[in-house]
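This report refers to the structure that appears directly beneath it.
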Amino acid sequence: MDDADLFDGDDDAALRYAIELSLQEAGQSIELPSSKDATATGSIVISSDDEDDDLDRGPRFPSTTPKTQTPGAQSSELKQPAIGPVQTPSGLASLDRKRMEEERLARLGKRKVPNSAESSPAPSQKVKVHHQTTAGQSGSAIPSQGFHPPAAKSSLQYPRGAVKKTWAYGYPRNGDDIKIEEVLRRDELQLAVLSSYQWDEEWLLSKVDVRKTKLLLVAFADNELKKQQIAANAPSSNVRFCFPPMLPYGAMHSKLQLLKYSNSLRIVVPSGNLMPYDWGETGVMENILFLIDLPYITDPKLRSENTLTPFGHDLSCFLEAQGLDQGLVKSLKNYDFSETGRYAFVHSIGQPVNDDRWSKTVKPMADVTSGCCGLGTAVSNLSLGTTTDIEIDYAASSLGALKEDFLRAIYYAAQGDSGMRRHKERAAIAARRLAAPAASSDIKTRFRIYFPSYDTVASSRGGTQSAGTICVQRDWWEAPTFPRGMIRECKSVRPGLLMHSKVMLVRAGDSTPAWAYVGSANISESAWGRLTVDKKTGQKKMTCRNWECGVLVSGTKPSLTARYEKPDLASAFAGIIPVPMKESVDGYGADQDRKPWYYREA
């Protein structure tokens, strides 16, 4: 069997496999997706005594019998992690959790929590736990609209939603960033559903008090034995796991967080994993996130009559597909989603999805809502679709084996197409009934992809040792079909920081508002999928290898002046998101001296 057969033609899956091999050769313990198919584990049991308010009460899980372990030597202090991704171990089965938690609780008993936020630790210092319970409402947020049932809103920090960059050690705070402590609000947190592609367990447990907070971790495991090992290593009965079904060489790449408090639910959609460097604690890398606080509906009658917005509906579909208990999914209706009406939850389900829908607990929809089809549907539903040319600036931390066909599908989706336009073009071109798209609408002049050069990585604060999660392969880059002319240099507006952010910024030349995608999806077919249509039945099928999720955030209609003057990125998206990268005209196509950062050649 050759390599093409092994990966079923999926170049992004081949990249993950190559990275895994290189890490094994280097003796590292980072766990990446393998070729074995992962299936759903036993269902998580949720309490449902008299009401279905499961998020309000928190889950009650089946008991597990821990396996006997040999305690390993553990440090008595929480050490600062290595500054870069390459040196940081990951994998939920890698630590002696029980002993680790006992030592952590002992340390907590000796510490005195300060009344005010401490100054940020230097990278060489030990990480301190901050208990900052207030955060400013500054940053990018959209004005309020819609009806709100009676609910406790006075304590909500982000009732209308906001986009924030992650805080980074050593950089001034300008109101557009946020710390992991400010996201989690440890002292008030009752239940957390956390997702990640990579994990630093000891660091995570320093941010959450598992004595009083229930954790449901959505993670990857490639076989039943590993699932059992991970579950048995849980440091507390309050920690349980959900393992979404996987395709071969797929990735559980979503970073979604659902954070439950006494009177509210916080939804967080980051681009970063649960690793200290992704949250700025080593001062070498940044990410971006969307968050919104939803109030609990206190009136029982209004709660029973509440219906979800399209945002809530798509979130429910995503959670259900991952294998979360239906009781937990249904309990989302106990929260007021009305402020999410201006947003769209865009997701990729790591399984083939047909247009006859698989949903059991939420209302079926006619269109496929996974991957780039879901992106196009979301754009259309928010009245952001257009038939005019658009401008796309997409910053990503990983590039697949890109081809124009895939990029054109993304471009059409950003115009509001739900997938069929590019499919029909392919069919017509294959039948020689249609020429390639005209040069006047060529995406090569309107679609810019931001990825850092070797020089940018080498001159960053962390250097080449901090770029282990920024990936592209030389073989793909040098392929004749790779769109090198569309790639631009990627530099953060905070000098010296590397970007792990995934951001798509879209502008139209007409009165359509500018909008942005913020989430976990890099620009690859594994992340956004491919649509196929059965020739006999006409049934549509979207296949994504990865689990991804993000949020579509829009602004207001541009003025006539803005339409004709074409302001820079930061100005065009002011009030929508804090644009993390510098707008760049520095490409790679004609500059033979500029080369991209090749992960495997570091």
- Message: Based on alpha-carbon atoms only, what is the radius of gyration of the stretch 263-332 relative to the globular estimate 2.2 N^0.38 Å?
- Response: 1.43
- Query: Between residue 556 and residue 465, what length in nm is gained on full extension when 0.36 nm per residue of separation is reduced by their alpha carbon distance?
  - Reply: 28.6 nm
- Extension length gain for residue 305 and residue 174 (0.36 nm per residue less Cα distance), in nm, is 43.0 nm
- Query: Given the Cα-Cα distance of residue 237 and residue 454 and 0.36 nm per residue of separation, how much length would full extension add, in nm?
  - Reply: 73.6 nm
- Distance between modelled label sites at residue 228 and residue 511, nm, 7 Å Cα→Cβ extension: 6.4
- Task: Could you list, in their original order, any pairs among 260/491; 207/595; 330/540; 403/595; 227/535 whose Cα atoms are separated by more than 29 Å?
- Result: 260/491; 207/595; 227/535
- Query: Given +1 on the Cβ of Lys and Arg, -1 on the Cβ of Asp and Glu, and no further charges, what dipole in debye does the stretch 455-498 carry about its Cα centre, rounded to the nearest 20?
  - Reply: 220
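Readers should treat all values here as calculations from the given coordinates under stated rules, not as data from a laboratory. It should be emphasised that the depicted structure is a prediction, and the values quoted were computed from it without experimental measurement. Virtual Cβ from ideal backbone geometry, glycine too; neighbours counted across all protein chains shown.
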